[in-house]
Structures are given as structure tokens and as C-alpha cells.
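Data block below; observations after.
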Amino acid sequence: MCSRRGWVCTIVLTVLATTIAVSQSARKVIRAARAVEAVRLDGVLDEAVWDREAFREFLQRDPNQGSAPSESTEVWIAYDDAALYVAARIHDSQPESINVRLGRRDDYIDTDYFTVFIDGYHDRQSGNYFTVSAAGVQYDGVMYNDDWDDSDWDGVWESETRVNGEGWFTEIRIPYSQLRFYDAEELVWGINFRRDIARKNERSYLVYTPRQESGFVSRFGDLVGLEDIHPPQRLSVLPYAITKAEYIPSPPGNPFHSGSRYSPGLGADLQAGFGSNLTLNATINPDFGQVEVDPAVINLSDVESFFQEKRPFFVEGSNTFQFGQGGSNSFWGFNWSSPNIFYSRRIGRNPQGQLPSNDFADPPSGTHILGAGKLTGKLDDVTNFGMVHAVTQREFTRIQAGGVRSDVEVEPLTYYGVMRAQRTFEDRRYGLGVISTYAHRYFDDMALSNQINKDALVSGIDGWLFLDTSKTYVVTAWMSGSLVSGTQARMTALQRSSSHYFQRPDAEHIEVNSSATSLSGYAMRWTLNRQKGPITLNAAFGVISPGYEINDMGFLFRTDYINGHVATGYVWTEPNSVYRDLGLRTSLFGSGDFAGNTTWKGWWNNGFVTWANYWFTEFGASYNPPTINNRKTRGGPLGVNPEGVEVFGGMGTDSRKAVVGQLFFFNYNGGGGRDWSFDPSVEFKPTPGLSISVGPSYSESISGSMWVGSYDDPTASETYGRRYVVSNFHQKTLSANIRMNWIFTPRLSLQLFLQPLISSGEYSTFKYMNRPKEYAYTYFGSNGSSVAEKDTLGNIRYTVDGDGAGPAPAYVFWNPDFNSRSIRGNAVLRWEYRPGSTFYFVWTQSRSDYEPNGAFQFRRSINRLGSVKPDNIFLIKFSYWWSV
């Protein structure tokens, strides 16, 4: 287009581009006014401080990016010596259509919202947000890494709303004690606003992040006019009283349980500020009985189940301790289980010590936390800092064996500590961080020292670097080292555990060192990500050495692992008459071990569409060629992953409607086996304060080589003198997640959760592995081998022998078939009777039943669960927030 008079065209385009760049980079400025009279929170904007020009310059981000909002919004900001005030007049031409649904605090639902975002440090990467719905429900959280947020932080602030014929109004009061900012004569904070109109799926901002770009906090406007205010002395105490009643059925003759137990308790949480930048949180004798119960799982694998942290003390501020995820806004992983260096559920975990043979036992439900402290904040403008220290007490299990009672120590007195620091440079173009965790146990019973590590130290360094000035491409990397120590017996057991499997007979790069008193290792990972634009690009490579061990304070599935992927795709974000957005992605990935074996690889494809009516669809498929499996024999020789094909997908309806449905499915075929699942769900919203969701799930797993066990057999020369027994296997699992949220007022709610589960597993046709690296087995009862079963009072015992009547020993095991049923649920009544102060009433019930029967029998399972005597636990917790 510039072929004629090219120099004129060039100047015009240059000026136009410069004008656009300047307009996009110019920050909006909002001025706060000092309130000279008390601001009364009532949703009526009649104070003098609101009688001035309001801010109205909102822009849509959705659905029509960059357009003026369909409804106008006016915002004012004021302050006094104690707090920041925000007032909003939220106009609506159809006030009868304002969505005033009630929800639990921090449980985002489809309703009308107003949000204020505050970057108190003005560091362009972190801050807090405060949201109020038209029904008066509060939501809050923290922002970090420029693009990310975390709703686990709960501040103590006040708000009031009012709906009338013009729209709705809100007034918000945020005490300075809930914000973090520097002490200066004149302050400048980052500021942003957002308005949500649920019926239109419309979101408008002061300043928004365009759909194909990144960066949120860094785009904020400037809040000016804040003069002569100072960070307050921050000190708050939350004492609480608890009483718990447990009604748990006890078998006849149990000397430790009469069927009921009552346990009162007292404790306290403390929060104190250290200057304007650091905050100390401490807890003494904590109790977390109000949190939701963990879901029931049937774990037939050789790795530990992972459960999310739900305890408020550890959840709040947990983003400070995230490792290896700075800079980038997306981290992909294909069969990569990233090590979690700080897994706070290790503090207060279930006791690990083993019990001797006994007739009755009274184990503790968890390890009691004597006290814990957490210090988080900033050391300067660009350095984030956090550390946690905790001590858990010695735990004992009372047992009775042969009429003799004794106490067995099952967990020693233990110290846990973690430190995290991260610093940014050159306007966050690159960053550098460190982390270190340490656990130390004080053993009084030396027998316990052979079961648990004595010391565990893990340290790591992470960082990121943007490769261009526009911050489109970023490289993120981390590396970590570990060192654990203990007795020779403990280190030998650790090397042979499912995380390491040093005893593998055909692994030349590792071996069990029975004289070792320590174990060390390393791990690292780097990621390249494209942050902006319609083209997706993500690549990563990582390794975990065989000796890397972090499970004392972290969580790790496996070691001896090398993994990488390259993924790309394209996203269409401009809405049209058919869809709102659409994306296609594809990836090549692979994994291996330090011996050079390829343990997984494949080609993955995925697509997603949000339709014009706000329904969504997602779909995908992957192909996995044959690979080696170094875990199939659980410490034995190498096995095989047969060729497999995976298909998955899902769909969902418009979440704004009174009835919302979703459906997901998964199917994997490979090696004569199949795994598939079908997961529908529906949510009913019959009234503004009531929602009921039901999410049933059904799955089946069919395998031709399910693990049973192994035993020594000197005639099994091709498998290194040991038989590895597997079988055909068919598992059926039916479960459901059922929830009811009944919100009476913004501060009073009742939450119900129920999870029934029925799972059966049938083992048949036992066989043994012929040779390593082959998917070939010999059935017991053929080729000179034998199999026999014996029924003893309904319990079946199998005897298998690889050489039949020959000299090799036989292997005897009980019928592994199972039929496991359970129901877990709780009801939580929560009343925030004043800001920060809460009353809880909690009822938790669980039922479980087991039979050595592999047949899936729905009616029988329901009948047996109905006849089981349940465990009932009732808890009342009363807390009072007091601030200085």
C-alpha cells in the first residue's frame, strides 16, 4: 500500500503506530479524596465526599473487547486515617434483571459483581482484590506473578449494597491493616476496577488484559491523592474454643473405646506486622475440624494419593512458597509430575510408625501441631520473602495384645521449616529465587528411627528471563537438590521404596547400598512459553535423578525420570455468530530414565470451543506407541507399555442458567486392556440462595497384567530368580459428588457434601512374566506350572507354583478380589456474626464396608451400607477476631 509516495506513507504509519503505542501505554489516573466526615456504610451515597466528579471510563473486555459498556458505572475513592473507602453507583437499565444470587464467601457464582483491585506496593505484579456481589456477598484474595490470583486469603473488611430502580450501589471500607504499602508522605498505588453483568456475560474494567496478551497488575492505573496516611501497627488475635463429640462404633471387648468420646479444646491464631512489609501469622494448638473431608479413593497403584491442602493457616499465603512458576503464565506437562517441594500436608500428617501385632489399637487421627508460625511479605520493593516453622508432638498408639496394654510411639517430636525468597530485576524482565526446607526428628524410640528419616534437607533455585522487550517469550527454569539421612535400615528401605526402586535387577545405573546412612539427588526443569498472540508455543525439558527425595516436606511421585515436550496451537478469540472463542493444540512428548529406556511417548491433540450461546465443547485424542515400563514389576525387571490410543471430550451448558449440565468422557485402549470413564453432572439453582449439584461418575478398568505380587524362585532364571505374578483384572467404580449450598444471608450459610463410592475389583487367570521387555506371560496351570485354590470359611487362598511339583517354592496369597463401599459426608453451618469472627457447627459422618468379592452388586452394596453403623463426629467452634 506504500508503493507510491512511500516516504509519506511511512511517516503516516509511524505516527499512527506511535500514537497507538502512547495511548496504550498512558496510565489512567484516579484521585482519592480525604473524607472530612465519617463514612456510614449503608449503600446510600449521601456523604459529602461522594459529591464530586466520579470515574466512569470503563471498557469492555467481554464480550466485545474495547467497546463501551452497555451499562454505565460511577466510582469514587476516599480515605481517612484508618481506611480506604470505595463507592460505586452501578447503573442498570433493567434493574429487575440484576442477578442477586447468594453464595458462600469466595465461592464465585454467576451473579453481578463489583471488584476493586489494589497494588499497594506499586510493584506492578502483586496486590489484593475485594469483590462485592449485588446480594452483598464478599470475595477477596491476592494477586501475584502479574497474571495470577489466589482466593484463599480472607481479609477483614466491610461492605454494604443496596438495589433500587436505578441499579445497585455499594460502599466498601478496607482498613489499612488489610493492605500492604510503604510508609511515605504521598503514596501512589496501582488501581483497577471490574464490573460483571451476569445476564449479559459482560465484564468491564478500568484497564483490561487483551485476550491474546498477558499481564494484568502491570497495566493498572495510578491511585493518587493519598497523603499523610501511614501503615498501622498490625496486631490481631483470633482465640477460639472447640468442643468435639465422637460417636464411633467399637468392636466388643475394645478397652479403648466405649463408642463415644468428648474432647474440648482452646487455641488461638495471631497476626502481627513487622514494619509495613512483613506479617507474622502464628497458631497455637490449632484445630481444623471445619474443613471439608477428603474424598474416598481406591488406590491400587504403587504411589501415594495426593490430596489438596484445605487448612486455612496453610492455605492462606501459600502462593508465596510456589517454586519454579515465576514469569510464565502457562506451564504444560505431559506425564510430568512436577515435584512439590513444600507440601504443607506433611505437617500434621498421619503417624508413620508401624504397630506390632495386637488385638486392639487406638491410633491418633493425625499428628498434633503444637505450634506453627509463618512470616511473609517483602524485604524491599522487588524481593518477596516467606518462611514457615512448625513443631509437631510425639504421638503414641495404645495397643492391647494378649490382655497386656502398652503405648507404642508412632511419630517422634518433629520440627519443620521452609524459607522462600524471590527477587525481580529490570521491571520483572527477569527474576531469581531460592527455597529451602528442613525437617528434623527427635527419636526417643530408636525402633522408630528405622522406619522414618531423621533429617531431610531440600534446597532449590529458580528464575525466569523474558527474551524480548515486549515480553512475548519467556524461559523459566529451576533446579533443586536433596539430602536425607537416617539409619542404615531406614536408608535401605528408602532406596527400595516405590519412589526409587534401586533394587531393579536389570538396572545397571543404580543399586541398593545397605551401608548407606544418607541419600542425595537432584532435579531440574526448564520451560519456554509464548505469552501473547494467537499462536501457542510451549516446550519443556526436565529430569529427576534416582536419588532425589523430598517426601518429608514435599510430594514426589517418582524418580529416575527424564521428560520433555513441544506443544503448539492456535486460538481464535474474536467472537462471531457461531463461537465466542476456539482453539486447537497439538504436542509431541516423551519420557525416559537414566538408563536410556523410553518409558512413554506420544502425540496429543486437543480442541475447544465456546459457542455463541455460551455452551462449550472440548475434544481430543492421543496416540502412544509401545514403550518400556520400569515400574510395572514394582522393583523387578523392565516391563512393556503396549501401544495405546486415547480419546476424550466433554461439553457443558450456559453456567448462567437455573439448570446447568456438564458431561465428560475418557477412553483408553491398549495392550488388550481398556480404561474408560463417564462423568455427567447437573446443578440446580431453584432460588437465589439455594444450589444443588449432583455429579455421578462411572468408570471401568480392564487389564491383562494387573499386579498381584512376586516371590523368590531360583528356576525363574530369565526374570533374575524371582516370579512376577499378574492377572486379568476388571474394576468397576461408581461414585458421586453431591453438594448443597443454602445461603441464608451473606454471612450465614449451610453447606452439605456427600460422596458415596462403590468399587469392585475381580482378579482372574493368574500368570507370570516370561522375560523382561516383553508383553508375554505364562498362565499358572500350563507349561508345567500349577495353581490351586482353597476355600476356608468363605475366604479363598491361592497357591501358585512356577515349576509345579519341582523343587522351587510355591507362592501363597489370599484372594485379592475386593468390593469396597463407603459414604463420606459433612454438613457445615457457618455464621460470621461480626467481621472476622465466626461460629461453626460441623457434623461429619462416614460409613464403610468391605467384602472379598469382585462382583459389582449395586443393590447389595446399598443395602450393606445402610446397615453399617456410621461414625459420627460433631464439632462446635467459636472464634472472636480482636484487632489492636
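In this structure, S305 and T573 have a Cβ-Cβ separation that, at R0 = 45 Å, corresponds to a calculated FRET efficiency of about 0.75. Per-residue 3J(HN,Hα) values for the stretch 590-600, derived from phi via the Karplus relation 6.51 cos²θ - 1.76 cosθ + 1.60 with θ = phi - 60°, read x, 9, x, 10, 6, 8, x, 7, 7, 9, 5 Hz in sequence order (x marks Gly and Pro).
Near the amide H of R234, within less than 5 Å, lie the amide hydrogens of G273, all on another chain or at least 5 residues away, with H placed in the peptide plane. Look at where the Cα atoms of the stretch 648-667 and of the stretch 562-577 average out, and the two centres are 21 Å apart.
Sequence-ordered 3J(HN,Hα) estimates for the stretch 385-402 from the Karplus curve with 6.51, -1.76 and 1.60 and θ = phi - 60° stand at 9, x, 8, 10, 10, 8, 10, 10, 7, 5, 10, 10, 10, 7, 10, 9, 9, x Hz, glycine and proline given as x. The calculated FRET efficiency for Q352 paired with F619, based on their beta-carbon distance and R0 = 45 Å, is about 0.55.
Across the stretch 835-845, computed HN-Hα scalar couplings (Karplus, 6.51 cos²θ - 1.76 cosθ + 1.60, θ = phi - 60°) run x, x, 10, 9, 10, 10, 10, 10, 10, 10, 10 Hz from first to last residue, x flagging Gly and Pro. Using the 1.4 Å probe convention, the accessible area of the chain works out to 45 Å² per residue with neighbouring protein chains retained. With every protein chain in place and a 1.4 angstrom probe, the accessible-area ranking of Y522, Y720, Y798, largest first, reads Y720, Y522, Y798. Straight-line reach from K632: which lysines have a Cα under 16 Å away, not including same-chain ones fewer than 8 places off? Cross-link targets: K767, K773. Relative to the longest principal axis of the Cα atoms of the chain, helix 858-867 runs at roughly 80 degrees.
Here's how it looks for N629: its modeled amide H is under 5 Å from those of G639, V640, N641, which are all 5 or more places away or on a different chain. Annotation: amide H of G141 within the under-5 Å range of Y129, sequence separation 5 or more or interchain, hydrogens built in the peptide plane.
For V188 and Q857, FRET efficiency with R0 = 60 Å and r from the beta-carbon atoms, rounded to 0.05?
On the way: r = 68 Å, r/R0 = 1.14.
Efficiency for this residue pair is about 0.30.
The mean sequence distance of close C-alpha pairs (under 8 Å, at least 6 residues apart), as a share of the length of the chain, puts its relative contact order at 8 percent. Labels on offer are (1) 81, 63, 61; (2) 98, 79, 53; (3) 99, 71, 57, and the one holding Cα extents along the principal axes in Å computed from this structure is (2). Carbon and sulfur: what percent of the chain's accessible surface (1.4 Å probe)? Of the solvent-accessible surface of the chain, carbon and sulfur hold 55 percent. The listed residues M491, M651, M479 rank as M479, M651, M491 when sorted by accessible area, largest first, using a 1.4 Å probe. Under 14 Å of direct C-alpha separation, and excluding same-chain neighbours fewer than eight residues apart, K869 reaches these aspartates and glutamates: E246, D849. Extension gain for N770 to D222 (0.36 nm times residue separation, less C-alpha to C-alpha distance): 190.2 nm.
As a test of reading the structure, rank L750, L467 by solvent-accessible area (1.4 Å probe, protein chains only), most first.
Values: L750 40, L467 95 Å².
Of L750, L467, the descending order of accessible area is L467, L750.
Hey, what angle do you get for helix 6-25 against the long axis of the chain, alpha-carbon based, 0 to 90 degrees rounded to 10? Compared with the principal axis, the helix lies near 80 degrees.
The values are calculated or read from the model by the stated rules, or taken from the named source; none is laboratory data. Because the structure is a prediction, the values reported are computed rather than measured. Because the Cβ atoms are built from the backbone with ideal geometry, glycine has one as well, and the counts that use them run over all protein chains shown. The area values use the complete protein model at the heavy-atom level, side chains included, leaving out ligands, DNA and RNA. Shrake-Rupley method; radii C 1.70, N 1.55, O 1.52, S 1.80 Å.
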